Structure formats: C-alpha cells, structure tokens
C-alpha cells in the first residue's frame, strides 16, 4: 500500500499566522518593499486530506466558489511538486476551510505549504524543507514561512528568516482574531503614496510588541472604516493590531478566558455582524503540521 493510500484518512493541519508587527524599511529599485516582521505561528487553521486516484492528475474535490480549480494554490502546489519530482500518481485533495480568505493570516499560502510538506512525505520525494521553501516561493511570498513551519523574524522582501527565541515577547499569548468582512487589496496598500516606507530597522534582539507597529495600519484604518471600528473596540480591552495588510485584526491576551470574554462582549453589543469572522487561537513556536510530520515520519530539523 502506498503512503498516500495509507494516510488518506488523516487531516493535516494548515495553520494561520499573524504578523505581530510589520515595518517597511525601504523600497528597492525594482519596486519591492524592504520589510521586517515577526511571523507568529498559531494552533488554528484549515485541514487537508489527500487520497490516491487512478487518473494520474491533481483534483481538488472541495469547491471554492470564487476561485477556479486550476488557479487554486492547492492545485498549483501539488502540480508543482508532481512535476518537479516526476510523480506519476494522481491525488485527490479535500479541505475543511475555516480561515477567511484575504485576511492577512496566510490562508492560501498555508494551504499551498501543507500540500508541499505533506505530499513530499506521502510521495516519498525526499526534498529538504529548504528545497520545498524554494519551490514554494514561486507560489507566493508567504509560502516559504509555512513550509519552514517556525515562528520567525523575517526581513528583506520577506525571504530572509531569523529564528525567534522560544520565549520571545508574546510567545505564549492567546489571540482574538477578527476578519471584518471587507476585502483589502495588498497591491493597493503597497502602491499608495501615503504608505510609510522609512521605518528604522529593528534589532530583533530588542523586539517587544510594544516597541513595534504595523506600517500599513494607519493607511488601512483611514481607507476602511469597518477595520477602524473593530480596532477601536479591541484596543479598549487589549493591545491590538492589524496583521499584514489586513483585513484581519487581532488582540493579544494572557489567558484564553479573557479572549473568550471579550469576544462574547463584542457579540452581545452587536459589534460583530454576519459578515465578520472571529476566532481564538494560541501562539506556537512550531506549526502543528510539522509537529505531526515529525512524530509520524521521524523527521528532524
């Protein structure tokens, strides 16, 4: 029995990340922005299942109403690995989708990374995480972060990683994350002339949440009143911030009970409507996907 058949009942995690801060330190001649950020892995996300098929093709069996099958990063990631490793076998993929699309929490990128990491094992490709991350970069700038699977500092255009200390500021935090139900164009934010592009570089050894910020937040708040309203309410209860270019905002708590209480309060006061999506998660040093992969396949860092 192939590994793909053996593990077809498994649900493989595809976790969200949060940008704890986002500093834009400059702009290169090619138009790309120089960034600094802390990618915080969480214990909450989608889950994917993989099963063999006899067609020799990649089939995503879960329908995404707003994304064509062949354009989905899940399909693109599987085809990329299949071609690179000359795999003849076909695969059927299903996903339980709980992460909101376009939220700045890595929804599409984490799905692509889970495909690469899991199928690398089930197809017995034998590629290192560094090689998988290099492949994943062709699918999106955030894919390598999820392939590596660690909470990490990032800089450059987001491709240079520095390990975050296991006990960095906020490492054990609980987060209330809310998607306000609006779509924010990353391209619009990064091309806006009002965007701050000259934040001084941070020495990662000096990182604390309080010393940092998100350079996109002021612009997004000015352009999207619903984001501004949510942040205003969250800041009343806890340190809060936009993640990435949005649209998700998050608040930082010491205890899950505190996050639950604030979520309940926002619901009771009808601050959240039927277009918002809220969830509570915990920060983790390592992606839950990688923890499972290590335990099953005896993979080491």
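Looking at this structure, is residue 156 within 24 Å of residue 202 (Cα to Cα), crowded, with 24+ Cβ neighbours inside 10 Å, out of contact with any strand residue (DSSP E or B) (no Cβ under 6 Å at 6 or more places or on another chain) and at pLDDT below 95?
Values: within 24 Å of residue 202 (Cα to Cα): yes; crowded, with 24+ Cβ neighbours inside 10 Å: no; out of contact with any strand residue (DSSP E or B) (no Cβ under 6 Å at 6 or more places or on another chain): yes; at pLDDT below 95: yes.
In short, no.
On the given criteria, is residue 297 in contact with a strand residue (DSSP E or B) (Cβ under 6 Å, 6 or more places away or on another chain) and more than 23 Å from residue 102 (Cα to Cα)?
Values: in contact with a strand residue (DSSP E or B) (Cβ under 6 Å, 6 or more places away or on another chain): no; more than 23 Å from residue 102 (Cα to Cα): yes.
Taking the combined requirement at face value, the residue does not satisfy it.
Within the group 75, 63, which residue is within 18 Å of residue 136 (Cβ to Cβ) and either free of Cβ contacts under 8 Å to residues at least 60 places away in the same chain or not in a helix (DSSP H, G or I) (or both)? Walk me through it before giving the result.
On the way: 63 fails: within 18 Å of residue 136 (Cβ to Cβ).
Being within 18 Å of residue 136 (Cβ to Cβ) and either free of Cβ contacts under 8 Å to residues at least 60 places away in the same chain or not in a helix (DSSP H, G or I) (or both) holds for just one of 75, 63, which is 75.
Restricting to the range 218-239, what's the tally of residues that are free of Cβ contacts under 8 Å to residues at least 40 places away in the same chain, under 21 Å from the mean Cα position of the chain (by Cα) and crowded, with 17+ Cβ neighbours inside 10 Å?
2
Output the residues belonging to the range 183-204 that are more than 18 Å from the chain's Cα centre (by Cα), in contact (Cβ under 8 Å) with a residue 40 or more places away in the chain and surrounded by 13 or more Cβ atoms within 10 Å (Cβ to Cβ).
189, 190, 195, 196, 197, 199, 202, 204
Can we say residue 26 is free of Cβ contacts under 8 Å to residues at least 12 places away in the same chain and surrounded by fewer than 23 Cβ atoms within 10 Å (Cβ to Cβ)? Let's see the steps before the verdict.
Values: free of Cβ contacts under 8 Å to residues at least 12 places away in the same chain: no; surrounded by fewer than 23 Cβ atoms within 10 Å (Cβ to Cβ): yes.
No: the conditions fail for residue 26.
I'm trying to understand the selection: among the residues of the range 126-166, which are assigned to a loop (DSSP other than H, G, I, E, B), touching a residue at least 40 places away in the same chain (Cβ under 8 Å) and over 17 Å from the mean Cα position of the chain (by Cα)?
As a first pass, look at the range 126-166 and keep what is assigned to a loop (DSSP other than H, G, I, E, B): 126-128, 138-142, 149, 151, 157-159, 164-166.
Filter again for touching a residue at least 40 places away in the same chain (Cβ under 8 Å), leaving 127, 138-140, 142, 149, 151, 157-158, 164, 166.
The answer is 127, 166.
The values are calculated or read from the model by the stated rules, or taken from the named source; none is laboratory data. Note that the coordinates shown come from a computational prediction; the quantities given were computed from them, not determined experimentally. Using ideal geometry, Cβ is built from the backbone for each residue, glycine included, and neighbour counts are taken over all protein chains shown.
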